[in-house]
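To keep things clear, I will list the structure first and then write my remarks on it.
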Amino acid sequence: MHVQEFLPDEAHAGPPQQLMVLLHGAGGQPDDVGALVIMLRQHWPAAAIVVPEAPEIFDAEDADPGGRQWFSGRDMSEHDLVARVGAALPPLLDYIREAQRRLALTGTQTALIGMDQGAIMALEASAREHDIAGRVVAFSGRFATLPTQAAPAATLHLLHGGADPVIEVRHAQSAFSRLEALGADATLDIAWEAGHELNAELLACAIDLLQSYVPQRLWREALSIVPQATSGTRH
């Protein structure tokens, strides 16, 4: 698997503190998320950022010869989507696990950030292996099939254009409703005028969420400590 890798700059002393895995969309290539890489490096200079190239040549009609895809979208039914994503996931999961071992980082320290097919792969990776990442940021994506269990240690951020003609916003809304019903830690942000794109408003929202959103599991852990501490002071 061809990968672009960006390690912490020389000003940062010590090993990487986070792993950010960026997954491009169908018909794209790693260079397409270059602007996002720059933004992430500005905000997280201690992070290792990796951008794997999707394994297949993009097979759409009139496709850019340099375009790649995680799976074929041609003549695809809902059943086909599940099967094709399922077949594409194992090599990606293996790569993420290898990168975590090599950089001595855990799933909790890992964020999967995807667009379009890359968002589908990120969401399904977290659904299949709950400890693969502590954060998932999905731009203009969807689940191949809605989850039946919440990933207890993961926070999922769904970001979508309200005018997306490729993956309609209803998929993000349905996913968020299901995640809420499962008690999952998830957010949904919609830019109603945006289409199928890395919209500036949603990019800024994603940066803000990664910087300031406190995962629910940390709130639960903090709240579980409070009664014990209070009880100890009384005795």
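The values are calculated or read from the model by the stated rules, or taken from the named source; none is laboratory data. Computed from a predicted structure; not experimentally measured. Glycine gets a Cβ as well: all are built from the backbone with ideal geometry, and neighbour counts include every protein chain shown. Ligands, DNA and RNA are stripped out before the accessible areas are found, and what is left, the full protein with its side chains, is counted by its heavy atoms. Shrake-Rupley method; radii C 1.70, N 1.55, O 1.52, S 1.80 Å.
Only residues that are at pLDDT 95 or above, of a type in the set (A, V, I, L, M, F, W, C) and over 15 Å from the mean Cα position of the chain (by Cα) were counted in the stretch 59-70, giving 0. Counting only helices (runs of 4 or more DSSP H) that sit completely within the stretch 17-132, those holding 3 or more residues that are open to solvent by less than 20 Å² (accessible area, probe 1.4 Å) and under 20 Å from LEU158 (Cβ atoms) correspond to 78-103, 117-128.
Inside the stretch 133-186, residues that are in a loop (DSSP other than H, G, I, E, B), within 26 Å of ARG74 (Cβ to Cβ), in contact (Cβ under 8 Å) with a residue 24 or more places away in the chain and open to solvent by 20 Å² or more (accessible area, probe 1.4 Å) make up a count of 6. Among the residues making up the stretch 11-62, those that are β-branched (Val, Ile, Thr) and closer than 30 Å to ASP75 by Cβ are VAL21, VAL33, VAL51, ILE57.
One residue stands out among those in the stretch 187-202 that are modelled with pLDDT of 95 or more and acidic (Asp, Glu): the one that is surrounded by the fewest Cβ atoms within 10 Å (Cβ to Cβ), which is GLU193. Filtering the stretch 79-117 down to residues that are among the acidic types (Asp, Glu) and free of Cβ contacts under 8 Å to residues at least 12 places away in the same chain, which residue is nearest to PHE6 (Cα to Cα)? Among those that are among the acidic types (Asp, Glu) and free of Cβ contacts under 8 Å to residues at least 12 places away in the same chain, it is GLU98.
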